[in-house]
Amino acid sequence: CQSLLILNIRSYGSGTTPWTGRFSRQGGGGRDGRFSPSSSDDQRLEVLGLSSLDMALIHLGCRAQRLTQCSEMRMEFYTPMPIHIDGDPFFL
């Protein structure tokens, strides 16, 4: 996992749904019943892990590794990290 994708909506990057793609190299896409279906009004965040190859192939149907669903999240950074929020890149 080289990237974390944290979503509060049902789609990412021009309408893709990275947890229901056609291909999965890593598994863990949520089809095993551990995750509830994604919804924009469930007050939960979808947390997915991606490799750099997965990020590049997400529009071709690759699927991210679904890590968890949560209603709260806390992240601590010890060094500046490059991030994107709503498509705008910056260091946090």
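Brief remarks follow.
One line per residue, one yes/no per condition, for (1) farther than 17 Å from residue 73 by Cα; (2) at pLDDT 75 or above; (3) polar (S, T, N, Q):
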position	(1), (2), (3)
3	no, yes, yes
9	no, yes, no
15	yes, no, no
25	yes, no, no
32	yes, no, no
42	no, yes, no
49	no, yes, no
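- Among the criteria (1) closer than 22 Å to residue 14 by Cα; (2) without any contact (Cβ under 8 Å) to a residue 24 or more places away in the chain; (3) among the hydrophobic types (A, V, I, L, M, F, W, C), the one residue 64 does not fulfil is (2).
- Pairing each residue of the stretch 1-20 that is among the hydrophobic types (A, V, I, L, M, F, W, C) with any residue that is open to solvent by 30 Å² or more (accessible area, probe 1.4 Å) and not in a loop (DSSP other than H, G, I, E, B), provided the two are 6+ apart or on different chains, yields C-beta distances under 7 Å for 1/65; 5/12; 6/45; 7/45.
- Candidates in the stretch 42-88 are the residues that are of a type in the set (Asp, Glu) and under 14 Å from residue 19 (Cα atoms); of these, the one that is nearest to the chain's Cα centre (by Cα) is 46.
- Some residue of the stretch 71-87 being within 17 Å of residue 10 (Cβ to Cβ), modelled with pLDDT of 80 or more and either open to solvent by 80 Å² or more (accessible area, probe 1.4 Å) or not aromatic (Phe, Trp, Tyr) (or both): yes
- Complete set of residues in the stretch 38-61 that are more than 18 Å from residue 10 (Cβ to Cβ) and open to solvent by less than 90 Å² (accessible area, probe 1.4 Å): 49, 51, 52, 53, 54, 55, 56, 57
The values are calculated or read from the model by the stated rules, or taken from the named source; none is laboratory data. Bear in mind that the values here come from a model prediction, so they are computed numbers and not experimental data. Neighbour counts run over all protein chains shown; Cβ positions are idealised from the backbone, glycine included. For the accessible areas, the whole protein counts, side chains as well, though only heavy atoms, and no ligand, DNA or RNA atoms are used. Shrake-Rupley method; radii C 1.70, N 1.55, O 1.52, S 1.80 Å.
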